[in-house]
Amino acid sequence: MELNELLKYFGESDTIGENREAIDLMRHYSRQAQKITMEINTKYHEPEELQGLFSELTGKPVDEGFGLFPPFYTDFGKNITIGKNVFINAGCKFQDQGGIYIDDGALIGHGVVLATLNHDMAPEKRQALHPAPIHIGKRVWIGANATICPGVTIGDNAVVAAGAVVVKDVPADTIVGGVPAKIIREI
């Protein structure tokens, strides 16, 4: 199994964990992500170096407008897609097996968690993983310590308040906040 087949498997499966070859390959890329994030997080890098390391982490180029303040954590890395002029602040954690898509001009605040996997609710199947992608639209601002749950789409220009837990889609041009996040007002 190659990386593109693994990503297709993640995208087409509602449950992952039964395919031993896929799990072994996922763990291989997870170890690669650990090495690269350790490099990102343990010494100073100029912005161009961070762009190169993040491109290596995701397997896709990021543009010169990309910004990252370490530390940054991810447990896979290869299912993150970043648009132009995206900024990721310090302490963010991306669980990306289900796919994370961040569009142009998005701002990701301190300590944001993007989680694309859920465990099964049935105790006897708790080890099973259910992937669902996160889509973050253009010019979205996610405030510090917000958590975006699997399967959520955040529409263009939306703002997610600090500390919010987003469990359902956010319409474009709105501000959401709270636990669980609710619409506060339109922009």
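Tabulated data
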quantity: With 5 Å bins from 0: P(r) over the stretch 104-187, alpha-carbon pairs, percent; calculated: 4, 17, 24, 25, 13, 8, 6, 3, 0, 0
quantity: Neighbourhood charge, 14 Å Cβ-Cβ cut-off, centred on Met38 and excluding it, Lys, Arg +1 and Asp, Glu -1; calculated: 0
quantity: Efficiency of FRET from Cβ geometry, Asp104 and Glu46, R₀ 22 Å, rounded to 0.05; calculated: 0.45
quantity: Glu2-Ser30 FRET efficiency (beta carbon distance; Förster radius 22 Å; 0.05 resolution); calculated: 0.85
quantity: Furthest towards positive pole of dipole, His110, Pro133, Gly178, structure part the chain, Cβ charges; calculated: Gly178
quantity: q = 0.14, 0.15, 0.23 Å⁻¹: log10 I(q)/I(0) that the Debye formula gives for the stretch 51-102, counting C-alpha atoms only; calculated: -0.29, -0.34, -0.85
quantity: Orientation-averaged projected area, Cα convex hull of the stretch 24-116 (nm²); calculated: 5.0
quantity: Ratio Rg/Rh, restricted to the chain and using Cα atoms, in which Rh is the Kirkwood radius; calculated: 0.97
quantity: log10 of Debye I(q)/I(0), alpha-carbon scatterers only, for the stretch 1-74 at 0.20 Å⁻¹; calculated: -0.87
quantity: Net dipole in debye of the chain [+1 Lys, Arg Cβ; -1 Asp, Glu Cβ; about Cα centre; nearest 20]; calculated: 500
quantity: Percentage relative contact order, the chain, counting C-alpha pairs under 8 Å, at least six apart; calculated: 14
quantity: Cα Rg, Dmax (largest Cα-Cα span) when computed across the stretch 73-132, Å; calculated: 13.4, 44
quantity: With all protein chains modelled, accessible area of Glu48 [1.4 Å, Å²]; calculated: 120
quantity: Rounded to 5, the percent of DSSP beta bridges in the stretch 1-145 classed as antiparallel; calculated: 20
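The values are calculated or read from the model by the stated rules, or taken from the named source; none is laboratory data. Remember, it's a predicted structure, so these values are computed and weren't measured experimentally. Using ideal geometry, Cβ is built from the backbone for each residue, glycine included, and neighbour counts are taken over all protein chains shown. For accessibility, only protein heavy atoms count, side chains too; no ligands or nucleic acids. Shrake-Rupley method; radii C 1.70, N 1.55, O 1.52, S 1.80 Å.
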